[in-house]
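Chemist: I am attaching a structure below and will ask some questions about it afterwards.
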Amino acid sequence: MVLTVAAVVVAVACIRLGFWQLDRLHGRKDANRAIAAAEARPAEPFASMLAGTEDPLVLRFRRASITGRYDPSHEVLLYGRNAASTGEAGDQVLTPLVLPDGSAIVVDRGWVPIESTVPLQGALAAPTGEVRIEGVLFPPDAVSTPTAGASPAVNVTKVDLGQLAAQMPYRLQPLYVLLQVQDPPQSGPLPEMPPLPPFTNGPHFSYAVQWFSFAAITIVGYGVVLRRSRVRARTRAAVTGNGEGGT
C-alpha cells in the first residue's frame, strides 16, 4: 500500500511538472512572437515614443530613431563578448548618447577587440557632433543600487543602468539601444555593429521530456516491483503448501 501511494504521488508530480514545462515553452514561444513583431515595426522617433507612454519599458524591443551627441568620456566596455562575424574574443562598447533634453541613453555600438580601452580612439571612436542613430530598444540586464563611494567602472559584465547612472552626470533613460544604423557612420569597420539576439525556445521541451520520462520510469518500476513481489508471494505460498503436504 505504501509503495503504491508513493509511486502514484511521484508519477503524478512528474507529469504535472512536465506539463508545467510545456506551459512555459508555449509562453516562451508567445514571447518570441511578440518580440519579433515589435522588432519588425518601422523605427519611430524616440521622443515621440516616450511622449506616448507613461512607462518607457513598454517600448522594449521596438525600433527607435534618436538624435543626439555621443559622450565618449563616459564609455564603458561590456566585457567578454565575441564578434558575431568571426567568433573572436573581445568586448562591446557602451557609449551614452546625450539627448536634446539633457538626458542620455546608453548605446551598444558593437564589438571591439579585447585589447581596446576606453575612451576608444582613432577609427573606433564615436562620431563627433550631432549623430542620428536607429536601433532596437532593450530593457537593462539589471538596475542595481551601487555601493556608496565605489569607483567608476570601465568594464562591466552586464548592462546595469543603475550602476552606469551613478557614474554619469546626466539622467539615463531606462532602456538602452542596440545600434543598427548610424549617421554619420564609423570611419572603419569597427566597432562591429551588434546583431540582434537570436530567438530560442529554451530548455523547456527537454525538461518536459525528462519529467515525463521520470513518470514513465516510476510507473514501469512500480510494475516490476509489484510483479516480483507477487511472484515471491506465490513462490512462498507454493513452498509452504508443499511443506504442509509432505508432513
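Just so it is clear, none of the values below were taken in a lab; they were calculated from the coordinates. Bear in mind that the values here come from a model prediction, so they are computed numbers and not experimental data. Glycine gets a Cβ as well: all are built from the backbone with ideal geometry, and neighbour counts include every protein chain shown.
Chemist: Using mean Cβ contacts within 10 Å as the protection proxy, how do 219-231, 157-169 order, highest first?
Modeler: 157-169, 219-231
Chemist: Need one number: % antiparallel among DSSP beta bridges in region 42-183, to the nearest 5.
Modeler: Within region 42-183, antiparallel bridges account for around 75 percent of the total.
Chemist: Mind listing P(r) for region 42-183? All alpha-carbon pairs, 10 Å bins, whole percents.
Modeler: 12, 44, 36, 8, 0
Chemist: Please work out the Cα center distance from region 1-57 to region 212-238, rounded to the nearest Å.
Modeler: 39 Å
Chemist: Here's another thing I want to ask about it. What do you get for the angle between helix 204-246 and the principal long axis of the chain? Use alpha-carbon atoms, 0 to 90 degrees, nearest ten.
Modeler: 10 degrees
Chemist: For the pair Ser73 and Ser151, what calculated FRET efficiency results from E = 1/(1 + (r/R0)^6), where r is the Cβ-Cβ distance and R0 = 22 Å, to the nearest 0.05?
Modeler: That gives a FRET efficiency of 0.90.
Chemist: Over the Cα atoms of region 10-91, how large are the radius of gyration and the largest Cα-Cα distance (Dmax), in Å?
Modeler: According to the Cα coordinates of region 10-91, Rg and Dmax are 20.1, 61 Å.
Chemist: Here's something else I'd like to know. Using every Cα-Cα pair within the chain, state what percent have a distance larger than 23 Å.
Modeler: 63 percent
Chemist: Follow-up. Suppose every K and R has +1 on its Cβ and every D and E has -1 on its Cβ; what is the size of the dipole of the chain about the Cα centre, in Debye to the nearest 20?
Modeler: Dipole of the chain, to the nearest 20 debye: 1960 debye.
Chemist: Can you tell me, using C-alpha contacts under 8 Å and at least 6 residues apart, the relative contact order of the chain as a whole percent?
Modeler: 25 percent
Chemist: Separate question: Pick out, from Pro194, Ala216, Phe46, the residue whose Cα sits farthest towards the positive end of the charge dipole of the chain, with +1 on the Cβ of Lys and Arg and -1 on the Cβ of Asp and Glu.
Modeler: Among Pro194, Ala216, Phe46, the one farthest towards the positive end of the dipole of the chain is Ala216.
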